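Heads up: the structure comes next, in structure tokens.
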Amino acid sequence: MAEIYLPYTKAINSDQLRDELNGVSVVLVDDKLRFVGDITEKQAKEALESHTPVIKPEPSVEDKLASVGLSVADLKAALGI
């Protein structure tokens, strides 16, 4: 099992990168990515270079409220505004 540290300069989705690497652990450590698993340094570099992250947008206030069964109108009513 290898433990490799590589610098990165672009956006990373570590969960997605881990899936792309078939379960190799990918963790941010200071200013580097730590790869742990059955991987070579060459494979880690190639994966990092070809990685195009899919980053989910932050949910809206309406979406967050809806996730707990509320609406903006419900919140305003509860706050008396």
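The values are calculated or read from the model by the stated rules, or taken from the named source; none is laboratory data. Since the model is a prediction, treat every value here as computed from it, not as a measurement. Methodologically, a virtual Cβ is constructed for each residue, glycine included, from the backbone with ideal geometry; neighbour enumeration extends over all protein chains shown. Only protein heavy atoms, including side chains, enter the accessible area calculation; ligands, DNA and RNA are left aside. Shrake-Rupley method; radii C 1.70, N 1.55, O 1.52, S 1.80 Å.
Here are the numbers:
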{"quantity": "Residue of Val36, Val26, Val68 that the Gaussian network model of the chain assigns the largest fluctuation, springs spanning Cα pairs under 10 Å", "calculated": "Val68"}
{"quantity": "Listed residues Leu70, Leu79, Leu21, Leu33 arranged by accessible area, highest first, probe 1.4 Å", "calculated": "Leu79, Leu70, Leu21, Leu33"}
{"quantity": "Exposure of Ser50 as accessible area (Å², to 10), given a probe of 1.4 Å and all protein chains", "calculated": "90 Å²"}
{"quantity": "Dipole moment magnitude, nearest 20 debye, segment 39-81 about Cα centre, only Lys, Arg, Asp, Glu C-beta charged", "calculated": "60 debye"}
{"quantity": "Area accessible to solvent at Lys76, 1.4 Å probe radius, in Å²", "calculated": "100 Å²"}
{"quantity": "Straight-distance crosslink candidates among lysines, where the alpha carbon sits under 30 Å from Lys64 and sequence neighbours closer than 8 are dropped", "calculated": "Lys10, Lys56, Lys76"}
{"quantity": "Over the chain, equivalent-ellipsoid semi-axes from the Cα gyration tensor in Å", "calculated": "40, 12, 11"}
{"quantity": "CD proxy at 222 nm, helix term only [per DSSP H run n ≥ 4: -39500 (n - 2.57); per residue of the chain; nearest 500]", "calculated": "-10000 deg cm²/dmol"}
{"quantity": "Å² of accessible area per residue within the chain, as computed with a 1.4 Å probe and no ligands counted", "calculated": "74 Å²"}
{"quantity": "Residue with peak Gaussian network fluctuation, the chain [Cα springs, cutoff 10 Å], from Gly23, Gly37, Gly69", "calculated": "Gly69"}
{"quantity": "Solvent exposure ordering (accessible area, 1.4 Å, most first) of Asp74, Asp31, Asp38", "calculated": "Asp38, Asp31, Asp74"}
